[in-house]
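Peer 1: The following block contains the structure, expressed as structure tokens.
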Amino acid sequence: MQLPTVLPSPTYTDIPASLGPVVAEYRIAPGTAISYPVTQGQYIQIIDVSGAQCSDFLAFDASTRSQEIDSTVTRTLNGVANPQAGLHSKYFSQSMAPLVEVIQDTCGRHDSFFLACTPRYYEDAGYPGHPSCSDNFNRVLAPYGMASRSGWPAINFFYNTQVDCHGNILSEESWSRPGDYVLLKAHQDLLCASSACPDDIDSANGWQPTPIHVRIYGSEQSANPVFSQALGRRVAADFPLRLTQDSAFTPRIRQLTDDLIDYNGFWVPSSFAHQGDQAEYWALRQRAALMDLSALRKFEVTGSDAFALLQYAFSRNVEKITPGRSAYGCLLNPHGGIVDDGIVFCFSPVHYRYVGNCDTDGDWLQRIAQRRGWTVDVEAASDRIHNLALQGPKSRDILRPLVVFAEPTVTLDSLGYFRFAAAKVGGIPLLLSRTGYTGELGYELFVHPRQGAQLWDLLMQAGRGSGLQPLGMQALDRARIEAGLLASGYEFDDLISPYQAGIGWTVAMKKSAFMGKAALEKVRQHPPRVAVGLVLDSNEVAAYGQNIYAHGERWRIGQITSATFSPTLNRSIAMAQVVPEYAAPGITVEVGLLDGIKRRVAATVGSLAAFDPTKSRVRL
Amino acid sequence: MGAAVMNNSLWDLAGVDGLAVAKRLFGEDVGYLGRFQSLETTLAGQDCSVLRLCDRNFRIAYSGPLHQLVAPLQPNTWLKQFDWLTRLSLPISQRPQILPQVTVRPPHRLENLPNHQAIPARLQSIPLLIWQHPPQDQTILELHVARKDLESLTIGLEQLYP
């Protein structure tokens, strides 16, 4: 195999430091391509040097060069549009053999629908003879005896495409920033080719092609945690890239399942081997289940104006959240939209903890405090507080012999709903709260990560006799929909008010002043939509975004926000948001499945919580 | 080796009302099964093994006329006996020899495969479904395989016992 000429390695100051010892590296000049060998187990890091630069990628088996990445096979076997770090991470050949696997990706938007750019593309646009990735690939693959093609079916890393609702494939400027990369792992000896796309006639490369850098790392890096699987996500322009991480409990969870997904920056189980979401769900409803909710974000709010800040920024009346109590509510924006939902825990009038979903929650609170001139510190504490949820009818029985409260007068049986206390469980210090996201009696245990594995082991052992099972996200989602509990991005976002989302009861409108009050006073009078529960007259399950119609009419009255089949109720149910005129219990509406015309299923409006609407189980 | 081709009394049931029909036939317990989990029961006085393949998909090992029991329910499902599918049984005592030769794809796992559990797998590139369960109180490894692969599978199993 002919190797590309490798010049003495210069020091590159325009890209992030290498992840580890580099076996080889290549700088691909704008508008060019290279080919290079990779052996089985080696890692390939493709780095966008300046940002907004597409890099097309080809891989062939080194021995015969007859096997190449096949995107149709890849999509079919993975069931996703593009492989991503996690369970569905591999790119496959036409014979279904894995060639490379995505280990890390800091961009999150790539293309495999289009060929690498072709001469024809430029000809049709009025640029005959314009350099193209396909011609460049032909040139660098010719020394290996590979026949030229008029267009190469490449993986177009950093190329921003999507399919719109009309079936058009749209292309826009790449999402990638300077230093963004994909890290691949070779599953066999390969001949690879990478380009720095020359397209300067549209926005794909930001109208200005720039270099790409490729680094090759040795297979021994598989033992290096830096090379762990991770997705890189950005939540705000002024927040750093965040790579998926393990929680304190993930190592234990990995022993029980390979089915992990990235959820809010943490690897969490979707379901467990030899169990599955149905079995896990029934464990929760009938016995007890244990789940890792460390993906929740925790912020310590301290200072003389801690109360003032939360009273203004949080929807509930914080006067009623006295030490040892917590309350569910939401952070609001000036137009009454929900920034995030979460729980405020009160330790003292100068010390609270906010537990929500977003890394930006703390920044939002801090900004409010600064604008108001309040003396308060908002500290992100998620790195030192990981949490398990032990939920189910037997959760209390499992915990009772294990827990010792710091305050001797507190007992597990006396710990009321939404109360919390410092305790030790099996000698492990933690915060124990009677909260949950399942609609069941249950507890959350907030612990320092260094004792996470020990806590997991302790609870799993203690619960064995009661039929305790670990719970994955699929089962959790089924349970929370039954219980009418909200999920960010489904029931609410920053354009949806609490009155629309179904948590208007969390808004303490009598407070003299709070964020969004003026807007909410108007919205409350007639929210554009309100949250309802639906029970469908079919065993088919609805889906997020499906339209809801007035019975017998063509016009819509709302949309599905979440849906599932309820094993307990033995019915297909949904959470939805509909116009107030159709929100009365008992009204019959129609859910438009498929294209909304071929199949309409009747549904009855009812309580948002189809399961235990009076919340009797959580208050046991 | 002890592999025995079993009678062709496998039924596949699936459709929108698959779960509802299964519950009517086998009781509420079938709703508690996770994917690839199974239970042993009786139906119209005959032994029956029920394997859940998905939310609304079931495979039933039953020697009786299941179609006669399902038809009156007029469900939104189909019930079929695949003529391209067959099954072998192996004594559970052969599990230590068989399972090391089998490969599975994530997220499925072979280790600690419990009773009443099936798993898609391959033995020497032959695709099959391995089902460990106790019909008539005798635990077996039941292998579901395409008829066209039966001979190859049989040869492959014999090679494990030189």
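Peer 1: With all protein chains present and a 1.4 Å probe, how do A:Lys510, A:Lys90, A:Lys394, A:Lys320 order by accessible area, largest first?
Peer 2: Working: A:Lys510 200, A:Lys90 50, A:Lys394 80, A:Lys320 150 Å².
Per-residue accessible area, sorted high to low, gives A:Lys510, A:Lys320, A:Lys394, A:Lys90.
Peer 1: May I ask you to list the aspartates and glutamates whose Cα is less than 18 Å away from that of A:Lys522, ignoring any residue fewer than eight positions away on the same chain?
Peer 2: Correct list for A:Lys522: A:Asp494, A:Glu581.
Peer 1: Based on the alpha-carbon gyration tensor of the protein assembly as shown, what equivalent-ellipsoid semi-axes (square roots of 5 times the eigenvalues) come out, in whole Å, largest first?
Peer 2: Numbers: eigenvalues 367, 315, 156 Å².
After diagonalising the Cα gyration tensor, the semi-axes are 43, 40, 28 Å.
Peer 1: Roughly how many Å² of A:Val214 are accessible to a 1.4 Å probe, to the nearest 10?
Peer 2: Surface open to solvent at A:Val214 totals about 0 Å².
Peer 1: If you take the accessible area of B alone, add that of A alone, and subtract the area of the pair, what total do you get in Å², probe 1.4 Å, to the nearest 100? Present the calculation step by step, with values, prior to reporting the outcome.
Peer 2: Values: alone 8510 and 25840 Å², together 32740 Å².
Looking at B and A, the buried total is near 1600 Å².
Peer 1: Can you work out the FRET efficiency for the pair A:Glu319 and A:Ala380, with r the C-beta to C-beta distance and R0 = 30 Å, to the nearest 0.05?
Peer 2: Details: r = 26 Å, r/R0 = 0.86.
Computed FRET efficiency for A:Glu319 and A:Ala380 comes out at 0.70.
Peer 1: Mind listing the long-range amide H neighbours of B:His133? Cut-off is under 5 Å, sequence gap 5 or more, other chains count too, H placed in the peptide plane at 1.01 Å from N.
Peer 2: B:His116, B:Ile140, B:Glu142
Peer 1: Inside 10 Å of the C-beta atoms of A:271-283, what's the mean count of C-beta atoms belonging to other chains?
Peer 2: Numbers: counts 3, 3, 12, 12, 6, 9, 3, 10, 6, 1, 2, 4, 2.
That works out to 6 on average.
Peer 1: Non-local amide H neighbours of A:Asp189 (under 5 Å, H modeled in plane, Pro and chain starts lacking H): which ones?
Peer 2: Hits under the 5 Å cutoff: A:Gln40, A:Ala62.
Peer 1: Could I ask something else about it? For A:Phe405, enumerate residues with amide H under 5 Å from its amide H, sequence gap 5+ or separate chain, H modeled in the peptide plane.
Peer 2: A:Lys424
Peer 1: Checking the cross-link filter: which lysines have an alpha carbon closer than 29 Å to that of A:Lys90, excluding same-chain neighbours under 8 positions apart?
Peer 2: Candidates past the 8-residue exclusion: A:Lys185.
Peer 1: What accessible area, in Å² to the nearest ten, does a 1.4 Å probe give for A:Thr76?
Peer 2: 100
Peer 1: Averaged across B:13-21, how many Cβ atoms of other chains sit within 10 Å of each residue's Cβ atom?
Peer 2: Numbers: counts 0, 0, 1, 5, 3, 1, 5, 2, 1.
So the per-residue partner count for this stretch is 2.
Peer 1: Here's something else I'd like to know. Build a GNM of chain B with springs between Cα atoms under 10 Å: which of B:Gln101, B:Gln74, B:Gln37 gets the top mean-square fluctuation?
Peer 2: Of B:Gln101, B:Gln74, B:Gln37, the most mobile in the Gaussian network model is B:Gln74.
Peer 1: Also: With a/c under 1.5 counting as rounded, go ahead and sort segment A:494-620 into rounded, prolate or oblate using the C-alpha gyration tensor (a ≥ b ≥ c being the square roots of the eigenvalues; past the cut-off, prolate if a/b is larger than b/c, else oblate).
Peer 2: Values: a/c = 2.51, a/b = 1.44, b/c = 1.74.
It comes out oblate by the Cα gyration axes.
Peer 1: Still on this structure, please answer the following. Counting only helical runs of four or more DSSP H residues, what would the 222 nm mean residue ellipticity of chain A come to if each run contributes -39,500 (n - 2.57) and the total is spread over all its residues? Provide the component values of the computation, followed by the final result.
Peer 2: Values: 12 runs with 99 residues, N = 620.
Here the helix-only value at 222 nm equals -4500 deg cm²/dmol.
Peer 1: Using a ≥ b ≥ c from the Cα gyration tensor of segment A:55-209 (square roots of the eigenvalues), is it rounded, prolate or oblate, where a/c under 1.5 gives rounded and otherwise the larger of a/b and b/c decides, a/b for prolate? Please report the intermediate quantities before stating the final value.
Peer 2: Values: a/c = 1.62, a/b = 1.14, b/c = 1.42.
It comes out oblate by the Cα gyration axes.
Peer 1: Mind checking the mean number of beta-carbon atoms from other chains within 10 Å of the Cβ atoms in A:534-545?
Peer 2: On the way: counts 0, 0, 0, 0, 3, 12, 4, 3, 0, 0, 0, 0.
Shielding by partners across A:534-545 averages 2.
Peer 1: Report, to the nearest whole %, how much of the accessible area of segment A:391-489 belongs to carbon and sulfur atoms, 1.4 Å probe, protein only. Before the final figure, lay out each step's value.
Peer 2: Working: 1880 of 3620 Å².
Heavy-atom surface of segment A:391-489 belonging to carbon and sulfur, 1.4 Å probe: 52 percent.
Peer 1: In nm, what is the difference between 0.36 nm times the number of residues separating A:Arg242 and A:Ser18 and their Cα-Cα distance? Spell out each step's value before the answer.
Peer 2: Values: separation 224, 0.36 × 224 = 80.64 nm, distance 1.75 nm.
This chain segment gains 78.9 nm when fully extended.
Peer 1: What list of ³J(HN,Hα) couplings, whole Hz, do you get for segment B:45-58 from phi and the Karplus terms 6.51, -1.76, 1.60, once you set θ to phi - 60° and write x for glycine and proline?
Peer 2: Each residue of segment B:45-58 in turn: x, 10, 4, 8, 10, 10, 10, 8, 8, 6, 3, 10, 10, 9 Hz.
Peer 1: Still on this structure: Per DSSP H run of at least 4 residues, take -39500 (n - 2.57); add these up for chain B, divide by its residues and hand me the 222 nm value, nearest 500 deg cm²/dmol. Could the numbers behind the result be given before it?
Peer 2: Numbers: 4 runs with 28 residues, N = 162.
One gets -4500 deg cm²/dmol as the mean residue ellipticity at 222 nm.
Peer 1: On to the next question. Estimate the FRET efficiency between A:Asp258 and A:Tyr417 by the formula 1/(1 + (r/R0)^6), using the beta-carbon distance for r and 41 Å for R0, to the nearest 0.05.
Peer 2: Details: r = 36 Å, r/R0 = 0.89.
With a Förster radius of 41 Å, E is 0.65.
Peer 1: Another one. Computed FRET efficiency, Cβ-Cβ of A:Leu458 and A:Thr409, R0 35 Å: what is it to the nearest 0.05?
Peer 2: Details: r = 25 Å, r/R0 = 0.70.
Computed FRET efficiency for A:Leu458 and A:Thr409: 0.90.
Peer 1: Pull up the DSSP beta bridges for the protein assembly as shown and report the antiparallel fraction as a percent, rounded to 5.
Peer 2: For the protein assembly as shown, the DSSP antiparallel bridge percentage is about 95.
Peer 1: Taking loop as defined by DSSP and a crowding limit of 12 other beta carbons within 10 Å, which chymotrypsin sites (Phe, Trp or Tyr not before Pro) in segment B:1-98 fit? Walk me through the numbers on the way to the answer.
Peer 2: Working: sites: B:Trp11, B:Phe26, B:Tyr32, B:Phe36, B:Phe58, B:Tyr62, B:Trp78, B:Phe82, B:Trp84; in loops: B:Phe36, B:Phe82, B:Trp84.
Loop-located and lightly packed - B:Trp84.
The values are calculated or read from the model by the stated rules, or taken from the named source; none is laboratory data. This is a predicted model, so every value here is computed, not measured. So basically every Cβ, Gly included, is an ideal-geometry build from the backbone, and we count neighbours across all protein chains shown. Surface accessibility is based on the protein's heavy atoms, side chains included, excluding ligands, DNA and RNA. Shrake-Rupley method; radii C 1.70, N 1.55, O 1.52, S 1.80 Å.
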